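Asker: Take a look at this one; I'll ask things after.
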Amino acid sequence: MCGIVGIIGGRPVSRLLYHSLFSIQHRGQSSAGKLAYDGNIHIYKDAGLVREVFNEEKKIDTPGNVGIGHTRYSTAGMDDINSLKSNAQPEYVVNPFLSCVHNGNIFNCNEMLKKTKRTPRTDCDVQWLLLPLADKFSNKQINPDVIFNVCGELMKEIKGSYSALFIADSGQKPYLIAMTDPYKIRPLVLGKSNGMYCITSETRVFKKINFEYIKDIPGGSVVVIDEEGNIQEKQIIKKKEKPCMFEFVYFAKPDSRINNRSVHNTRAEIGRLLAIEHPVEADIVVPVPESGRHYATGYSRESGIPLDEGLMKDKDERSFIQQTQESRDKVVEEGLSYLRSVLDGKKVVLIDDSIVRGTNIRKLVRGLKNAGTKEVHIRIGCPPLIAPCYLGIDMRSRKEFIARDKNGEIKPWDEISKEIGADSLAYTSIESLRKAIGFDICQGCIDFPHGYPTEMQNDVKIFYKNDRKDIRAYECN
């Protein structure tokens, strides 16, 4: 999972890119970068947060009326600092000039390695979009018709999820290009302002830079825009879209919309349905900040149990997308305070979005009980996560899910409840999750393998069979 943004128009775009990256920082915290183009390549990227990478004015303001930017959440490559630096995006090649940022996960990298004459500079899966496409552009006059043709060829070769942005130079004028996988697993939206266009992962970017939302880009589509604002679009492959359910559950910010569906409203509705499915007698509903807040709103409204702030967040970092368990634990331990005046003597319903490994929720339960709670009842907005995601969420191995035992069998909820020290535990059902979202979704991590698109199910079953702890089964050897 990553955040991507591309802007093109009649004036420099670099500062707009910079501000946009702050709006999608929550989608990736391992690295950040941006590239602006005016015939010359102006690129800055590094491991770290946006504010750390762009720490000088010269890095923020660069020439070029077209540019792309990226905040990276690593789902390919190693997680040491040198690898995170090396795999930062954007990536580019010359002859012809082509640059790329990518959100998603290409899982047939071994096949794609054989389809390019170029040597990848990194071990990030963005290479399997960038290099084959550059080969296909070679010795061609780049124009919209050629772009549609070569992107269509690439779509038939790659497997996985991708919402990708490219800058291609025809030798006469640059183009901003967007390409989405046929199932539209990862979000991508189009906006405009005074003849300029922006394509990005979430609609909240438009509020930040004062652009107007136009549309969600359909799955299997290619969009081509030039500096004059001429825009052409073609849906190359048309299939029923299956956006990632985890975008609604966790990744997207609540002030964004996906397929014109409010993320906040969706989470509140999940919480409402959760209260109907799994009621409990309690004194207060307490959200895990900030991930459980909107579910807790819906749960409280439906149940009539008052909502209160028993936990206080001290830092604005997301524990789930930290690259190591050690860093996840540190965010939880250093990032939360317990309000004894709210919690002491109370029966608490603690609401969160999801449980993956169980480490964090176990520490939260312990902290609540140390603060004097009488009972802690856990209610979770996402059904039990039982299988790795092979489409862009870094849940690497089936062995890391608390919902499975050492033999790979699904655990009863009361067994998990005892493990984390709670008085009870319940999850939203898959049926309620689908009802709240309101359209078809990719749900492979909660309904394996049938929750994946049909044509991917054989591949993911092979990955699952070859599963090894801490090794991503789809990566190249």
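The values are calculated or read from the model by the stated rules, or taken from the named source; none is laboratory data. All of these numbers come straight from a predicted model, not from anything done at the bench. Note: ideal-geometry Cβ built from the backbone for every residue, glycine included; neighbour counts use all protein chains shown.
Asker: If you go through the range 154-169 one residue at a time, do you hit one that is at pLDDT below 95 and either among the basic types (Lys, Arg) or farther than 22 Å from ALA32 by Cβ (or both)?
Answerer: yes
Asker: Among the listed residues LYS461, LYS435, identify the single one that is basic (Lys, Arg), part of a helix (DSSP H, G or I), in contact (Cβ under 8 Å) with a residue 12 or more places away in the chain and closer than 22 Å to ARG379 by Cα.
Answerer: LYS435
Asker: Output the residues belonging to the range 89-110 that are aliphatic (A, V, I, L, M) and either over 20 Å from the mean Cα position of the chain (by Cα) or part of a loop (DSSP other than H, G, I, E, B) (or both).
Answerer: VAL93, VAL94, LEU98
Asker: May I pose another question? Sort out which residues of the range 61-88 are under 30 Å from ILE225 (Cα atoms), outside any loop (DSSP other than H, G, I, E, B) and out of contact with any strand residue (DSSP E or B) (no Cβ under 7 Å at 6 or more places or on another chain), and write them in order of number.
Answerer: Once the filter is applied, which keeps residues that are under 30 Å from ILE225 (Cα atoms), outside any loop (DSSP other than H, G, I, E, B) and out of contact with any strand residue (DSSP E or B) (no Cβ under 7 Å at 6 or more places or on another chain), the range 61-88 yields only SER86.
Asker: Looking at the range 313-324, can you tell me whether even one residue there is at pLDDT 95 or above, in contact with a Lys or Arg (Cβ under 9 Å, 6 or more places away or on another chain) and among the hydrophobic types (A, V, I, L, M, F, W, C)?
Answerer: no
Asker: Give, as residue ranges, the strands (runs of 3 or more DSSP E) completely inside the range 179-280 that count at least 1 residues that are under 19 Å from GLY9 (Cα atoms) and either without any contact (Cβ under 8 Å) to a residue 40 or more places away in the chain or outside the structural domain of ILE147 (by TED's automatic domain parsing) (or both).
Answerer: Once the strands (runs of 3 or more DSSP E) in the range 179-280 are filtered for at least 1 residues that are under 19 Å from GLY9 (Cα atoms) and either without any contact (Cβ under 8 Å) to a residue 40 or more places away in the chain or outside the structural domain of ILE147 (by TED's automatic domain parsing) (or both), what remains is 189-193, 212-216, 231-235.
Asker: Kindly indicate whether GLY28 is within 26 Å of PHE248 (Cα to Cα), in contact with a Lys or Arg (Cβ under 8 Å, 6 or more places away or on another chain) and at pLDDT below 95.
Answerer: yes
Here is a yes/no grid of residues against (1) in contact with a Ser or Thr (Cβ under 9 Å, 6 or more places away or on another chain); (2) within 21 Å of GLY48 (Cβ to Cβ):
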residue	(1), (2)
GLY69	yes, yes
TYR73	yes, yes
TYR92	yes, yes
GLY104	yes, no
ASN110	no, no
ASP123	yes, yes
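Asker: Which pairs turn up if I take residues in the range 285-297 that are more than 8 Å from ASP352 (Cα to Cα) and look for partners that are modelled with pLDDT of 95 or more and part of a loop (DSSP other than H, G, I, E, B) with beta carbon separation below 6 Å, at least 6 apart in sequence or on another chain?
Answerer: From the range 285-297, the pairs are VAL285/ILE305; VAL286/GLY310; HIS294/PRO254.
Asker: From the set of residues in the range 46-60 that are assigned to a loop (DSSP other than H, G, I, E, B) and free of Cβ contacts under 8 Å to residues at least 12 places away in the same chain, which is nearest to ARG72 (Cα to Cα)?
Answerer: ASN55
Asker: Within the range 248-255, can one find any residue that is over 19 Å from the mean Cα position of the chain (by Cα) and either within 30 Å of ILE355 (Cα to Cα) or surrounded by fewer than 21 Cβ atoms within 10 Å (Cβ to Cβ) (or both)?
Answerer: Within the range 248-255 (the criterion being over 19 Å from the mean Cα position of the chain (by Cα) and either within 30 Å of ILE355 (Cα to Cα) or surrounded by fewer than 21 Cβ atoms within 10 Å (Cβ to Cβ) (or both)), the answer is no, since none of the residues qualifies.
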